[in-house]
Amino acid sequence: MLKVTIDGQTIEVPEGTTILQAARMLGPEVAPPAMCYYSKLETSGGYCRTCIVKVSKGSEKDPRPMPKPVASCRTMVMDGMEVQNKTSPELVEARKGVVEFLLANHPLDCPICDQAGECHLQDLSFEHGIESTRYEFERRTFKKIDLGPHIQLHMTRCILCYRCVKVADQLTPERYHGVLNRGDVSEISTYIEKSIDNEFSGNVIDVCPVGALTDKTFRFKSRVWFTKPVDAHRNCDTCSGKVTLWYKGDDVLRVTGRKDAFGEVADFICNTCRFETKKTSDWVIEGPRVIDKKSVISANHYLSDLKVPDFAYEVGEDYKKIDDTPKLLNPAAQ
Ligand code: SF4
Ligand code: FES
């Protein structure tokens with residue numbers, strides 16, 4: 001085991017652990033933000049540089065600090081390593097620069113973007129960005145592209161994190177989209193306008209950290225903080241069938257995978273569960289979803305402060321208690 005200290009907290013981790021993974025073991029408060037790394041996708045990470053940290057001591061054997069910030073998702077822990085994330089003022093300043101670059105071409109269309117409220121770039125700018133922009137040039141713009149029947153691409157919002165490309169490579173039998181061109185003319189595109197249409201393609205929506213890949217069945221239906229997330233499952237031959245349903249009144253507006261404290265889905269779900277089973281009767285309701293991540297979604301209603309009700313609830317206009325027998329819905333809520 002290797003010992004690493006991150007922002008003053010020490011943890012022992014197995015060999016081959018990255019600094020980001022070690023920081024995540026210590027918890028979301030310590031972990032650096034990550035816009036392109038996704039633990040469920042192999043070879044993700046190394047593109048966005050939001051996860052940079054300062055290595056103030058390389059290892060027990062070679063205590064020299066690393067000369068410049070390193071991407072924590074790509075740097076392995078060494079025994080005795082000391083890392084600074086939030087405790088280094090220079091690092092905090094450097095990350096502001098990274099955020100500024102990510103926002104250089106990003107439109108300020110949060111008021112109409114479906115991802116608002118669960119956008120990692122919005123959170124990143126709020127927590128790690130600067131208040132204003134110094135960018136004076138015209139931003140690049142693109143026309144919206146339909147990627148098959150369920151997904152729409154807003155390339156203007158894309159930060160080129162490659163997560164959707166990894167999903168297509170690793171979850172679907174064939175990939176028809178990727179990053180075309182290089183440098184500041186790079187863009188996500190389908191090869192010869194082919195559509196993305198296979199049973200796991202909808203997962204590109206869940207992994208997209210911004211509103212570049214949107215669910216056409218949910219577009220403009222509601223701000224996400226007006227919807228109520230509920231965990232549910234069904235018997236599905238293709239995927240685990242474990243999802244989150246997002247209700248407004250009695251209607252399921254959308255279905256997504258269940259996301260953890262780092263905004264990553266636990267299980268990738270199939271398109272039938274995501275797009276074609278939107279009636280409450282299709283599902284076994286488990287109970288309100290705890291939104292672990294600091295989020296406007298949990299700030300506004302019953303999930304505030306993670307006070308999850310202990311009872312079984314039925315879905316309706318609001319959550320009504322349907323029996324008085326205390327029933328544990330989520331062990332994490334204890
Ligand atoms: S479309 Fe979304 S997931 Fe794909 S590269 Fe762009 S930001 Fe990343
Ligand atoms: S999360 Fe490490 S470079 Fe993007």
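The values are calculated or read from the model by the stated rules, or taken from the named source; none is laboratory data. All values reported here derive from a predicted model rather than from experimental measurement. Neighbour counts are summed over all protein chains in view; Cβ atoms, including those assigned to glycine, are modelled from backbone coordinates with ideal geometry.
Figures for the structure shown
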quantity	calculated
Only one of LEU180, LEU213 that is surrounded by fewer than 13 Cβ atoms within 10 Å (Cβ to Cβ), out of contact with any His (no Cβ under 7 Å at 6 or more places or on another chain) and either closer than 26 Å to LEU102 by Cα or in contact (Cβ under 8 Å) with a residue 60 or more places away in the chain (or both)	LEU180
Residue match in the stretch 204-214 (condition: over 21 Å from ALA34 (Cβ atoms) and either at pLDDT below 95 or polar (S, T, N, Q) (or both))	yes
Index of the failed condition, ARG219 passing every other in (1) surrounded by fewer than 15 Cβ atoms within 10 Å (Cβ to Cβ); (2) more than 15 Å from ALA116 (Cα to Cα)	(2)
Tally, over the stretch 98-126, of residues that are more than 20 Å from TYR47 (Cβ to Cβ) and outside any loop (DSSP other than H, G, I, E, B)	4
Some residue of the stretch 25-36 being within 14 Å of ligand 2 (Cβ to nearest atom) and outside any loop (DSSP other than H, G, I, E, B)	no
Residues that are under 17 Å from the mean Cα position of the chain (by Cα) and farther than 14 Å from ALA34 by Cα, drawn from the stretch 121-152	PHE126
Pairs where the first residue, in the stretch 1-29, is not assigned by TED's automatic domain parsing to the domain that holds SER88 and the second is among the basic types (Lys, Arg), C-beta under 7 Å, 6+ apart	none
Test: residue in the stretch 185-194 that is at pLDDT 85 or above, over 19 Å from ARG139 (Cα atoms) and more than 10 Å from ligand 1 (Cβ to nearest atom)	no
Qualifying positions in the stretch 154-170 - out of contact with any Pro (no Cβ under 9 Å at 6 or more places or on another chain) and near ligand 1 (Cβ under 7 Å from one of its atoms)	CYS158, LEU160, TYR162, CYS164, VAL165
Flag if TYR135 is more than 30 Å from ILE291 (Cβ to Cβ), in contact with a Phe, Trp or Tyr (Cβ under 8 Å, 6 or more places away or on another chain) and either among the basic types (Lys, Arg) or away from ligand 1 (no atom under 13 Å from the Cβ) (or both)	no
